[in-house]
Every structure is written in C-alpha cells, then in structure tokens.
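Notes for the one structure printed next.
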Amino acid sequence: MSIPNEGRFAKPVERRDFLGLAALGSFCLTSAAAILGSLKLPMPSVLPEADSRIKIGPPDRFAPGSATNFPERSLWVHRDGSGIYAISAICTHLGCVTKREKDGSFHCPCHGSKFAADGTVTGGPAPKGLEYLKVSRLPSGELVVDLQKKVPAQERLAV
Amino acid sequence: MNGFKTFLQNLRELPQTVRYSLIRHGTPSSDRARSQAVFSNFFLHIQATRVHKHTLKFATTLGLGIIAMAMFLILCISGVLLMVYYKPATDQAYDSLKDIIFVVPTGRMMRNIHRWAAHGMVLVVLLHMARVFFTGSYKGPRQFNWALGMVLLILTLALSFTGYLLPWDQLAYWAITIGANIAQSPREITDALGITEQFDPGGMQKTLLLGASSVGQEALIRFYVLHVAVLPVALLLALGVHFWRIRKDGGLARPDDVNEKLGADRREHGREIFPALQQADAKPTRTYGLMAMVRGKSPAVDRGPEHTVPAWPNLFYAEMAVAMFSTAVIVALAYFLDAPLKERANPSVPENPAKAPWYFLGLQEMVSYSAFMGGVGIPSIVVIGLGLIPYLDREERPNDVGVWFGGPEGRKVCLLSLLFSVLSCVAILAFTVKYGWLRNWIPSISQLWITAFNPGTLFVGLYAAWSLLILKRTNSTRMAALALFTCFIVSFFILTYFATFLRGPNWDFYWSQSDWPVH
C-alpha cells in the first residue's frame, strides 16, 4: 500500500508547502530567540558580593616565618625570608575550607586533599596547589589582599 | 407564571443536573459501564479500561512505579504545607526550620514526612529502573518511555539536590558548595590546558547555578525557585507523558507465551465478556476511534482482550492498596525518625566529613578521585549509556520481555556479572585505600593523567570490557546489556555503602565510625 505524500521532499517544494514551511520556520526561529533572550536574565553581570580587596594591616604585623589566619575570608598570610604571600585556604578540588595542621601543611576535610605549607599539592584529588592571591601596598604602607586576583604560585611581595 | 414554574423545577432538579453535567452516567453497575466510566473520566482515562492479568501480578512490577508516584504526591502535599512557614532567606531560613520543628503544629511530622518520602522516592525510582531493565521492559515499542524514565530520574535527583540546600544548616551549605564546584569542575580540564581565561564552561555553570561566586542568598533563592516551581512542573509534565506512553505502548510488557501459560480464559460471572468476539466470524479487532484517520498502528491493535480484566475495580484496588501501603510506611518512618538538622550554616568551617545524601555518596567517592570525571564525566557516560540501551539492544529474544533477568541464560550472566563486579569493585577500592593513586606515586604528574585514569574511569573501562566479552561469548546484545547494567547497579550500591560507612573525617578510610578521631 502506498502511503500518500510519502517522499514529497524529493520533489521540488511547492508554493503551498513553501509558505507552510516558512511559517513554521519563522515560528521556531522567533520562539528560539525569545527563549534564548530570556535565558540571559539568570546570568548575573554583577556578582552581589562585598569588595574583594581587604586590608590586612602594616607589613610589620607579620613576623618573619609566621602564618596569620583571616578565618572570615579563608585566608592565610605568610611571611618568609623573601617576602609576604597570601594563600587562599579554599581547596582547589571542590571548594571546602582546608585546615592548617601544626606542621604548616593544609588538609581538606571533604575529600582528603593535602597541600604543603607553600600551597603545592601533595596528595588527594586536588588538581592544583592552593591559590596565591595578589598582595599590594597602599600609599599609607598598609597591605591589601585582593581575593579575586590570583597570582602565579610562589610570588611574594618583598618587604 | 410559567417561567416561575420552570425556574422552580430547575431549582428542584439542580442536584441531578449538576451531577449529570459533571458525570454523564449514573453509578456504573456493570463491567461495561465501569469501563465506559474509566474511558470518559479525565482522571481515570490515564488508565486503560482493561488490564492484562499478568500486569496485576505483584512479581511483574513489585508496585514500584505506583510507589514512586505515591511518594511524589506525598512530597507535593507536604512540600506545599512546608512552604507556608519556610522563608528562603539566609538570615531566616534556619530559624523558620526551627519554627517548623518546634512551634508549628505537626510541623516536625510534616518535615519528617517530606524528608523520608524524598529519600524513598529516589530509592524507589532506582529500583523501578532496575525492575524495568531486568524484565526487559525497555524493549520496543517501549524504548522512548525508558529514555523518558532517565529524564524522570535526573529530575528526581535534581529535586533532591535543590531541596538539600533549603534548611541552611552546615550539611546543606557544604553539600551544595561541593555540588556547585562539581558544576565548575570542567575547569580541571581547561586549567590543565591553560585555556580557562578564554573558555570557561565550568565557571559559567557555577555562576548560573549560584548567581554568585559562593553559596549565599542568590543561591538559596535560585534553589528555592527550582525546587518548588521549575522542577516539580517539569517532573509532572514528564510524568504525564510517561504514563500516557504506557497506554500508547500497549500496556505493561508481558511475556510472549503468557496467554498460553494462563490457559483458557475464564468467563466473568458466568457471562461471556465479549459477546461480539464470540461470533464465528469475529476477529479480535480492538481499535481506537482515531485509528481510522491517523497513520501508523498502535501496539494494542490486533491483540485480543483475552486474559484481561476490567481496570475498575481490579487495577484501581491494587493501586490504592500500594499507595496506602507507601503512605503508611512514610508516616511510620516520620513518626519514629526525625530528619536531621545540623548547626546553622557556617561558611568558614566545613563539616568534617561533609557528606552528601546517601544517593550521591557513590558520586562523592568518585569525585574524591577526580572532580571532573567523578562529578561530570562518568555520570554523563552512565546517563547517556543507560538512555541508549533500548536503541543499542534491539534484539528480539523469545521469552525475554516481561521475564525477570531474561530467562535462564540471562540469570547466569547476571550472577557472573554480580560476582565480577563485586570482586573488581572491592579490589579497586581496597587497592586505592592501601596504596593511594597516581598523585601519591608521582607528585608532579599532570592532572590530565589523573582525570583520564583514576579508579572511577577504571570501573567504567572494566565494566565496558566485561560487557563486550559477554557480547562476544553470547552473541547477544541483551546479555551484554544485562552484564553492564548488573555491574552498574552493583558498583552503585557498593560505592554508596563504602562512602556512607567506611569514609570518615578528611575522607579517610575507617572500618567503623567508632574509630573516627575526636576533634
């Protein structure tokens, strides 16, 4: 039994079909544009967050060889022979806050990632070392850490 | 005066006329009338008017689909009630939970019901999937309904995940932080390739989900909207199609020889059920009204009504019994067990260990090998693989559809696969716990190696190889599918058990919770 209209697209498109297809096409196109346009709304252009830059005090607040914690910002500020550096305690695996152990290393409670005192990854699933954050000096001499600005690992601010 | 009389008469007959406008027939007193009632009632017509006896057997379905449906209804009702008091704001959510538990009349009970029904729904949906798979019910013409089932599974899990944040306790906060970072984990790849600056799908996903760079007010309101509006509506829509397809696909799957096995059809109440069919020249020609106009053929056509019974009352009683049983179990659970509520969310101190709900713990074990593979890669492979099963296994075996584990040969394959997957899963887990993984041996190794080659991908590779081996041995795609699915379900439960009971603080291995260090 032959099915009517089967294989009609093999033939040249007739005027009636063309107009129908054009109507359908423009309907689909406008709908898609409307939906895609609406989807722009949930993508925030400005993140509703506090200033990412925080003042941490003058350099002499940090004794050489010390590590100072800013628990509210999950931040550790270290000072060694060559300068000051700030490490984010947020695990690079899935965002838990790592805990600094007595030997200076960082352990993540969520999936067992381990980092050395200088942030390099030593074990667990973390794909990379802890983030180094930008430390800069204000004209007043006070230090500022920018939590959004990452700098290459091991970079230090000479003091 | 005539008009007044007519009005009075209309008033007198109001109950009857309203009733007739609502239901076009009286209380149906015969099977035929009841079938007509099922057919013409909006709420009942989702059911067929007659069901096969095999469908009604407990062993055919274990009632799992109806239990899942009952759980969903319980969740809708208890959820709407909880919405009356719940406030989706970071500074009020936790307090409103405390109010619901300690002040609101029946609030604690309602929250318990909502929580246990949610866990129950996930469990039952998984079991329902296993039932459909092992009875071969995904085979044509039911392929699409299986794929739709995968959509429903994902929606169920998404509902659980979004609901998890709402109490705004420590567990909620950290589970969602981990979940949102899993959404960001494509960065594991883009970072390793050094292209995150230009192309960052992971970061985009996380920002879209949270509306911010960390879990906060924006995330809470987004999850709330998804949980109470977007996802339930989507699930209801998919559920409607899922049910509708059951009818359009010819009812529940049943074995080819089921009618022969059931023997001669019994007469109902001593009468012939289908007088029209008993005439000498009559053929079973059940059809639908529209069939004359639309092309194609319904799977139900040309199948006789032998061994079917009226849906009202046979199927309806069974469904009501299952729904009552499910409700009773949930109410009993809610009465005896309180849903946990931890301390208020604290963004600077994570829970240790921070564990997701049980059905995500298998995933959590896998993200502890690689965030991207365990959280995005392998779940995608599994979901796409499961969804494609009916399209890749189109084999028509005798006595397969509607038969548990595909008959004797299939049972053997399932048992072998059970053995294989238990042994390999336990062996790989034990090895990983004892010796660690690549990073412990070569600290400077590139992340791409670990992403591509970790215990999680090893599971996938091993099971795929096993399934191919079965395919080669048996020359049957159904046997290969049985092998693969058995491995999947076994490893899912082993990983879930492992992560639930044997992982402790810092995700370290402990034989028992009593060995956890005090901190």
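The values are calculated or read from the model by the stated rules, or taken from the named source; none is laboratory data. Just so it is clear, the model here is predicted, and its values are computed rather than measured. Glycine gets a Cβ as well: all are built from the backbone with ideal geometry, and neighbour counts include every protein chain shown. Heavy atoms of the whole protein, side chains included, go into the accessibility calculation; ligands, DNA and RNA do not. Shrake-Rupley method; radii C 1.70, N 1.55, O 1.52, S 1.80 Å.
Annotations for the structure displayed:
- Once segment B:441-496 is narrowed to residues that are open to solvent by less than 60 Å² (accessible area, probe 1.4 Å) and over 31 Å from the mean Cα position of the chain (by Cα), the residue that is nearest to B:GLY362 (Cα to Cα) is B:ILE450.
- Selected residue (criterion: most open to solvent (accessible area, probe 1.4 Å)) from residues of segment A:80-104 that are more than 16 Å from A:LEU143 (Cα to Cα) and aliphatic (A, V, I, L, M): A:ILE90
- Some residue of segment A:50-61 being surrounded by fewer than 14 Cβ atoms within 10 Å (Cβ to Cβ) and either within 14 Å of chain B (Cβ to nearest Cβ) or hydrophobic (A, V, I, L, M, F, W, C) (or both): yes
- Counted residues, segment B:190-203 - those being more than 9 Å from chain A (Cβ to nearest Cβ), assigned to a helix (DSSP H, G or I) and open to solvent by less than 60 Å² (accessible area, probe 1.4 Å): 4
- Residue in segment B:242-252 that is part of a loop (DSSP other than H, G, I, E, B), modelled with pLDDT under 90, open to solvent by less than 50 Å² (accessible area, probe 1.4 Å) and under 28 Å from B:TRP449 (Cα atoms) present: no
- Some residue of segment A:77-92 being over 28 Å from the mean Cα position of the chain (by Cα) and either within 14 Å of chain B (Cβ to nearest Cβ) or of a type in the set (Ser, Thr, Tyr) (or both): yes
- Filtered residues of segment B:229-256 (kept if farther than 18 Å from B:HIS128 by Cβ and either within 13 Å of another protein chain (Cβ to nearest Cβ) or touching a residue at least 12 places away in the same chain (Cβ under 8 Å) (or both)): B:VAL230, B:LEU231, B:PRO232, B:ALA234, B:LYS248, B:GLY250, B:PRO255, B:ASP256
- In segment B:404-440, the residues that are among the aliphatic types (A, V, I, L, M) and open to solvent by 30 Å² or more (accessible area, probe 1.4 Å): B:LEU415, B:LEU416, B:LEU418, B:LEU419, B:VAL422, B:LEU423, B:VAL426, B:ALA427, B:ALA430, B:VAL433
- Restricting the search to helices (runs of 4 or more DSSP H) fully inside segment B:1-112 and requiring at least 1 residues that are β-branched (Val, Ile, Thr) and touching a Lys or Arg at 6+ places or on another chain (Cβ under 8 Å) gives B:53-56, B:58-61, B:93-102.
Results for (1) in contact (Cβ under 8 Å) with a residue 40 or more places away in the chain; (2) touching a Phe, Trp or Tyr at 6+ places or on another chain (Cβ under 8 Å); (3) buried (at least 16 other Cβ atoms within 10 Å of the Cβ); (4) outside the structural domain of B:GLN170 (by TED's automatic domain parsing), shown as yes or no for each residue.
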residue	(1), (2), (3), (4)
B:ALA328	no, no, no, no
B:TYR335	yes, no, no, no
B:PRO340	yes, no, no, no
B:PHE360	yes, yes, yes, yes
B:ALA371	yes, no, yes, yes
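- Conditions (1) within 14 Å of another protein chain (Cβ to nearest Cβ); (2) assigned to a loop (DSSP other than H, G, I, E, B): number failed by B:LYS206: (2)
- If only residues of segment B:209-224 that are in contact (Cβ under 8 Å) with a residue 60 or more places away in the chain and assigned to a helix (DSSP H, G or I) are counted, the one that is surrounded by the most Cβ atoms within 10 Å (Cβ to Cβ) is B:PHE223.
- Filter pass, A:VAL77 being open to solvent by less than 10 Å² (accessible area, probe 1.4 Å) and over 30 Å from B:TYR369 (Cβ atoms): yes
- Taking the criterion of being surrounded by fewer than 23 Cβ atoms within 10 Å (Cβ to Cβ) and in a strand (DSSP E or B), the residues of segment A:112-127 that qualify are A:LYS114, A:THR122, A:GLY123.
- Qualifying position, being at pLDDT 95 or above, touching a Ser or Thr at 6+ places or on another chain (Cβ under 8 Å) and hydrophobic (A, V, I, L, M, F, W, C), among B:ILE101, B:ILE74: B:ILE74
- Of the set (1) part of a helix (DSSP H, G or I); (2) away from every other protein chain (no Cβ under 14 Å), all apply to B:PRO141 but (1).
- Residues that are over 20 Å from the mean Cα position of the chain (by Cα) and more than 10 Å from every other protein chain (Cβ to nearest Cβ) within segment A:117-129 comprise A:ALA117, A:ASP118, listed in sequence order.
- Close pairs (8 angstrom Cβ cut-off, 6 or more residues apart or separate chains): over 13 Å from B:SER40 (Cα atoms) in segment B:10-26, open to solvent by less than 80 Å² (accessible area, probe 1.4 Å) anywhere: B:ASN10/B:THR17
- Hits in segment B:209-228 - residues which are within 11 Å of another protein chain (Cβ to nearest Cβ) and of a type outside the set (Val, Ile, Thr): B:LEU209, B:LEU210, B:GLY211, B:ALA212, B:SER213, B:SER214, B:GLY216, B:GLN217, B:GLU218, B:ALA219, B:ARG222, B:LEU226
- Pick from segment B:176-189, criterion closer than 17 Å to B:PHE161 by Cβ and not β-branched (Val, Ile, Thr), ranking: surrounded by the fewest Cβ atoms within 10 Å (Cβ to Cβ): B:ALA183
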